[in-house]
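I am attaching a structure below and will ask some questions about it afterwards.
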Amino acid sequence: MGDVHITMPDGYDVNNIGLTSIYLIKINNDQVVNFSIDPTFSDVGDWDEDLVPDLTVRFDLQALIELLAPGDKTLTIKGNLTTGELFLGSDTIRVIEARRMPFRVKAPSKSA
Ligand SMILES: [Ca+2]
């Protein structure tokens, strides 16, 4: 699965993330256009068991694979909170094969 785990900084609630606002926007320095999450799946839990709630969303794995050659790739996503703030987050994954896809987005920078 092309799962992404999103953790927000203190004071922000993952439940306030607008699911339809989440897009993959960059792979390394290459812009990705119009790559949204699977709208039928989302889950608030604690995937990494650090006691901080995280939101898991899912990208279409097959579509993602087509964008990812093997190697170290930094994926950047953006989204909005329902309260209006924009968030950005990124993480670097090592693309070895398609199944090693879960990546984690932590402590996104925020701007008004
Ligand atoms: Ca967590």
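Looking only at the range 26-60, how many residues end up being touching a residue at least 60 places away in the same chain (Cβ under 8 Å) and either exposed (fewer than 15 other Cβ atoms within 10 Å of the Cβ) or over 19 Å from Ser90 (Cα atoms) (or both)?
The total comes to 0.
I'm trying to understand the selection: among the residues of the range 1-12, which are surrounded by fewer than 18 Cβ atoms within 10 Å (Cβ to Cβ) and in contact (Cβ under 8 Å) with a residue 12 or more places away in the chain?
Once the filter is applied, which keeps residues that are surrounded by fewer than 18 Cβ atoms within 10 Å (Cβ to Cβ) and in contact (Cβ under 8 Å) with a residue 12 or more places away in the chain, the range 1-12 yields Met1, Pro9, Tyr12.
If you take the residues in the range 34-62 that are aliphatic (A, V, I, L, M) and over 15 Å from the mean Cα position of the chain (by Cα), which one is nearest to the ligand (Cβ to nearest atom)?
Start the filter on the range 34-62 by keeping residues that are aliphatic (A, V, I, L, M), which leaves 37, 44, 51-52, 55, 57, 61.
Right, trim to over 15 Å from the mean Cα position of the chain (by Cα) and you get 51-52.
Working: Leu51: 7, Val52: 4 Å.
Top of the filtered list is Val52.
Which one of these does Val105 not meet: (1) modelled with pLDDT of 95 or more; (2) among the aliphatic types (A, V, I, L, M); (3) within 16 Å of the ligand (Cβ to nearest atom)?
Condition not satisfied by Val105: (1).
Can you confirm whether the range 79-93 contains a residue that is under 19 Å from Gly18 (Cα atoms), without any contact (Cβ under 8 Å) to a residue 60 or more places away in the chain, buried (at least 16 other Cβ atoms within 10 Å of the Cβ) and away from the ligand (no atom under 16 Å from the Cβ)?
So far as the range 79-93 goes, no, none of its residues is under 19 Å from Gly18 (Cα atoms), without any contact (Cβ under 8 Å) to a residue 60 or more places away in the chain, buried (at least 16 other Cβ atoms within 10 Å of the Cβ) and away from the ligand (no atom under 16 Å from the Cβ).
Give the residues of the range 61-78 that are loosely packed, with under 13 Cβ neighbours inside 10 Å and in a loop (DSSP other than H, G, I, E, B), sorted by residue number.
Ala69, Pro70 - these are the residues of the range 61-78 that are loosely packed, with under 13 Cβ neighbours inside 10 Å and in a loop (DSSP other than H, G, I, E, B).
Is it the case, given these coordinates, that Thr20 is within 18 Å of Thr83 (Cβ to Cβ), away from the ligand (no atom under 16 Å from the Cβ) and without any contact (Cβ under 8 Å) to a residue 40 or more places away in the chain?
It is true that Thr20 is within 18 Å of Thr83 (Cβ to Cβ), away from the ligand (no atom under 16 Å from the Cβ) and without any contact (Cβ under 8 Å) to a residue 40 or more places away in the chain.
The values are calculated or read from the model by the stated rules, or taken from the named source; none is laboratory data. Remember, it's a predicted structure, so these values are computed and weren't measured experimentally. Cβ sites come from the backbone with ideal geometry, for glycine too, and all protein chains shown count toward neighbours.
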